[in-house]
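The values are calculated or read from the model by the stated rules, or taken from the named source; none is laboratory data. Note that this is a predicted model, so its numbers are computed, not measured. Quick reminder, even Gly has a Cβ in these numbers, built from the backbone with ideal geometry, and neighbours come from all protein chains shown. Areas reflect the complete protein model, heavy atoms only, side chains present, ligands, DNA and RNA absent. Shrake-Rupley method; radii C 1.70, N 1.55, O 1.52, S 1.80 Å.
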Amino acid sequence: MEAPIPEAILWDDWHAVAELETVRQWDQITTTLFGRDLTVTDAAPGVRIAYADGSKTLPASIKYGLVWTCLGTPQRDVIDFPESAEPDRYVISTGSFGIRVSGLRLVENFLDIAHFPYVHTGYLGVESSPQVLPYTVRVTDEDEILVTDCRFLQPQSSPVSTGSLDVGYLFHVLRPYTVLLKKTNAVEPDRSDTIVLFVQPVDEERCVGHTLVMSLHAGDPDEACRWFQRLIIGQDRRILENQRPRRLPLDLKSELPVRADLASITYRRWLLDHGVRYGAIAP
Amino acid sequence: MIELYDYELSSDAYKARLLLALLGVAWTQRYVEYYPRRQHRAPEFLALSPRGELPVIVDDGTIVDDAQNVLVHLASRHDPTGRWYPQNDAGLTSQVSTWLAFAAALTPTASAARLHDGLLYHHIDVDEARRGAHEQLAVLDEHLWFNEDAGWSWLCTVDQPTIADIACFPDVILAEEGGIELRTYPAIRRWTDRVKAIPGFIAMPGIFPA
Ligand SMILES: N[C@@H](CCC(=O)N[C@@H](CS)C(=O)NCC(=O)O)C(=O)O
Ligand SMILES: [Fe+2]
């Protein structure tokens, strides 16, 4: 049976489907987007993307070390981050990870600061100080979700941090499957690092998280950054894969008292308002 | 001094880290970026170990590769009590060998399914890997159940854990990351809880400490 076609807001957008380096290593890889199998073939300097059954060639784009495609008709470009052009910033694709849960749940987890002390103990939080201070959430004029005024005490906030730091956070949901955070840089506390999560919906209950770090710091950043992201995601995976249902319930009452916080409620409502139902459970 | 060629998400490298922790032996890390860089297949690493697999240890100049063999080496050389790798009872030594071989056989099944799902190893036949894993887990579950029934808590008929338990534990507990549910293997789940309760136990990403 043909996989369902998701809402236009998802179908007509670009999605990251592979790390460029992996495609170059293997010459060709297979992957799945919205339940459809694709092949991504090295065709340096570019890549070729097609349905695996050969029925159709798809648009292909390369940006941030990732390979992008769109199954519908792209209505806008692959997202652009102005800070990626700052000369002293490293822009590093920090790995792609398959997780057996709806991509919407992965975005929600990314927004959830309350799990840091329990899931990322010793790195992004400490169990002795689990309280989340009040923060601000709003939907901007550009119709994006912005979470500001977060602060969190972190023992090891990044691969280069050398001690505990009171870290300021900002979260920004730009598209249904694109979310970023900016956090205080451990070396230059008046500037921030950006971590982006691009979610590839494999199907309604599986996804791949592609991570991108745009950070300022010295040392050998690539390896350390990738190590840190893998560590954090390795810790998240178990939690995410144990969530039931695997799809994200948009019924705002269902899980809220225990799980979701203000950022999460806002994300669910925003998805509901935009008609997103793929990977979700409508109320 | 022991150097361990290591990668934090490698279940095989974790076997070595876990035994080193349980033995209380100091070591230094030589980091090999398995994914995404595939440094285990780079010339520098192949010069050390042509098999191109993690972990490898260099112990006072001796190079030891193969995860199970690394456990044998570490226990033989660094466990004065001799309990982790009992060698003065031929029957027991042979039981240990059997389960070391069983652990190695999880690589193309449970471990491969996890690499497929988590680290996007697209070239693995994941249905076949999962099917093989379930066959092995059924064998393991039954064995543990009979052992428990006879009063033994571990894989071998001895009243303390051995390197057989350390070798089998990682790919078994991480199998769920490859879509292999452990729910239907109650004796396995009781055993993994016991492993986590061994004094000095350490976890890795994907494994909750007890
Ligand atoms: N949680 C996402 C992305 C990983 C990630 O970046 N997670 C957040 C925490 S959930 C993070 O790394 N934060 C890094 C930080 O706060 O420095 C995933 O599992 O793919
Ligand atoms: Fe997390």
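For A:Lys183, the criteria (1) surrounded by fewer than 17 Cβ atoms within 10 Å (Cβ to Cβ); (2) within 16 Å of ligand 2 (Cβ to nearest atom); (3) of a type in the set (D, E, K, R); (4) in a strand (DSSP E or B) hold in every case but one, which is (1).
Counting residues that are within 14 Å of the chain's Cα centre (by Cα), which helices (runs of 4 or more DSSP H) fully inside segment B:1-106 reach at least 2?
On the way: elements: B:11-23, B:43-48, B:67-78, B:90-105.
Per the criteria, B:11-23, B:67-78, B:90-105.
Restricting segment A:1-28 to residues that are more than 19 Å from A:Pro74 (Cβ to Cβ) and among the acidic types (Asp, Glu) leaves a set whose member that is nearest to the chain's Cα centre (by Cα) is A:Glu19. Only one of the listed residues (A:Arg175, A:Arg191) is more than 19 Å from the chain's Cα centre (by Cα) and open to solvent by 10 Å² or more (accessible area, probe 1.4 Å). That residue is A:Arg191. Residues that are closer than 19 Å to B:Leu174 by Cα and touching a His at 6+ places or on another chain (Cβ under 9 Å) were ranked within segment A:194-248; the one that is most open to solvent (accessible area, probe 1.4 Å) is A:Ile239.
Given the structure, is A:Asp42 acidic (Asp, Glu) and within 14 Å of chain B (Cβ to nearest Cβ)? So A:Asp42 passes the test. Restricted to segment B:115-149, and to residues there that are open to solvent by less than 20 Å² (accessible area, probe 1.4 Å) and touching a residue at least 60 places away in the same chain (Cβ under 8 Å), the residue that is nearest to the other protein chains (Cβ to nearest Cβ) is B:Gly118.
Here are B:Leu54, B:Leu18, B:Leu48: which of them is away from chain A (no Cβ under 14 Å) and out of contact with any strand residue (DSSP E or B) (no Cβ under 9 Å at 6 or more places or on another chain)?
On the way: B:Leu54 fails: out of contact with any strand residue (DSSP E or B) (no Cβ under 9 Å at 6 or more places or on another chain); B:Leu48 fails: out of contact with any strand residue (DSSP E or B) (no Cβ under 9 Å at 6 or more places or on another chain).
Of B:Leu54, B:Leu18, B:Leu48, the one residue that is away from chain A (no Cβ under 14 Å) and out of contact with any strand residue (DSSP E or B) (no Cβ under 9 Å at 6 or more places or on another chain) is B:Leu18.
Listed here are the residues, each with its yes/no results for (1) among the polar types (S, T, N, Q); (2) in contact with a His (Cβ under 7 Å, 6 or more places away or on another chain).
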residue: B:Glu44; (1), (2): no, no
residue: B:Ala47; (1), (2): no, no
residue: B:Gly52; (1), (2): no, yes
residue: B:Asp65; (1), (2): no, no
residue: B:Leu71; (1), (2): no, no
residue: B:Pro86; (1), (2): no, no
residue: B:Thr93; (1), (2): yes, no
residue: B:Phe102; (1), (2): no, no
residue: B:Ala105; (1), (2): no, no
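Of the strands (runs of 3 or more DSSP E) that lie entirely inside segment A:29-121, those containing 3 or more residues that are more than 16 Å from ligand 2 (Cβ to nearest atom), more than 14 Å from the chain's Cα centre (by Cα) and surrounded by fewer than 20 Cβ atoms within 10 Å (Cβ to Cβ) span A:36-43, A:46-51, A:60-63. Of A:Val132, A:Val167, A:Val137, all but one fail to be among the hydrophobic types (A, V, I, L, M, F, W, C) and not in a strand (DSSP E or B); the exception is A:Val132.
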